[in-house]
Amino acid sequence: MAKNYEILGTCQFDGSENIWDEYHPQQTTIWSNKAPIALKHYPYNRADVLRCAHCQKVYLTYTEFGGYYVDQRIRLVNPDLIVLEE
């Protein structure tokens, strides 16, 4: 990750690499701005927590491994969307 970000921690936990289900009870998609940030579900169960050195905002980042590509993804954390249990 670029030097403009400080790594604060991770959302990964033992067994998280085996969980591929996403959490969308309101029929959102992973690309929706209102999609929940469900820490026990993919992709956030594989995410690292970063803070921008310039704006101090917190982001989640993870690597998407597609069939022919590797893509670094990042999402701004909206605390109102965090789901801890489900």
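Descriptive notes on the structure:
- Flag for HIS54 being touching a residue at least 12 places away in the same chain (Cβ under 8 Å), surrounded by 14 or more Cβ atoms within 10 Å (Cβ to Cβ) and not in a strand (DSSP E or B): no
- In the stretch 57-68, the residues that are without any contact (Cβ under 8 Å) to a residue 40 or more places away in the chain and either touching a His at 6+ places or on another chain (Cβ under 7 Å) or within 20 Å of ALA38 (Cα to Cα) (or both): LYS57, TYR62, THR63, GLU64, PHE65
- Count of the stretch 57-86 residues which are in a loop (DSSP other than H, G, I, E, B) and of a type in the set (Ser, Thr, Tyr): 2
- For the stretch 73-86, a residue qualifies if it is surrounded by 10 or more Cβ atoms within 10 Å (Cβ to Cβ) and within 17 Å of ALA47 (Cα to Cα), and the qualifying residues are ARG73, ILE74, ARG75, LEU76, VAL77, ASN78, LEU81, ILE82, VAL83.
- GLU22 vs. criteria surrounded by fewer than 17 Cβ atoms within 10 Å (Cβ to Cβ), more than 16 Å from PRO79 (Cα to Cα), among the acidic types (Asp, Glu) and free of Cβ contacts under 8 Å to residues at least 40 places away in the same chain: yes
- Residue satisfying all of: in the stretch 10-43; in a helix (DSSP H, G or I) and in contact with a helix residue (DSSP H, G or I) (Cβ under 9 Å, 6 or more places away or on another chain); farthest from GLU85 (Cα to Cα) among these: GLU17
Quick note: the coordinates plus some simple rules give every number you see, no bench work behind them. Quick caveat: nothing in here was measured; it's all calculated off a predicted structure. We place every Cβ from the backbone using ideal geometry, glycine too, and count neighbours over all the protein chains shown.
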